[in-house]
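Each remark here refers to the structure printed beneath this line.
The values are calculated or read from the model by the stated rules, or taken from the named source; none is laboratory data. Being a predicted model, the structure only gives us computed values, none of them experimental. Ideal geometry is used to build each Cβ from the backbone, glycine not excepted, and the neighbour counts take in all protein chains shown.
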Amino acid sequence: EERLVHKLLVLPPSRQIQTPYEFPLTDLLPTQEPFRDQLEALSRKQLGALDLAFLGAQLGLSPRTLARRFSDELHTTPGRWIQDRRLEAAKTLLESTKLGISEICYQVGYRDTASFSRLFNRVVGLPPGEYRRQSQ
């Protein structure tokens, strides 16, 4: 009787499984670098220009979406991530170059040497000059 109803209603026979219709959604999406890799590439190229607006524009994300991605994928805030990248770059420059503190400050994206030195001291535990002396 069910077959007769299907014939009269011109319905395809019912399927018990969806397997023929399944395929990975990733096949439809363009391949993208993972979020972390995109951020690292941007920080290597444009460390001095890094800020929330720049990252959002480069990644095509609104500030709110960008903040959510940072929280979900990196478990930090964009500001903290940028600060960490800048301080790591400053440590590398202090260890490997003879550039002055103010030049390093500007190269890594800070504009005020005094506030950079206070931040460096608070986070690293040593002022930049002392860090340089101890690392050599």
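Key figures
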read-out	value
Some residue of the stretch 108-120 being under 23 Å from Asp37 (Cβ atoms) and not assigned by TED's automatic domain parsing to the domain that holds Asp37	yes
Qualifying residues in the stretch 86-129 (those that are touching a Lys or Arg at 6+ places or on another chain (Cβ under 9 Å), among the β-branched types (Val, Ile, Thr) and not in a loop (DSSP other than H, G, I, E, B)) - the one surrounded by the fewest Cβ atoms within 10 Å (Cβ to Cβ)	Val124
Meets criteria (of a type in the set (S, T, N, Q), surrounded by 13 or more Cβ atoms within 10 Å (Cβ to Cβ) and closer than 18 Å to Pro34 by Cα) for Gln83	no
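Residues checked against (1) basic (Lys, Arg); (2) outside the structural domain of Phe120 (by TED's automatic domain parsing):
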position	(1), (2)
Gln38	no, yes
Gly48	no, yes
Asp51	no, yes
Phe54	no, yes
Leu61	no, yes
Thr65	no, yes
Arg68	yes, yes
Glu73	no, yes
Leu94	no, no
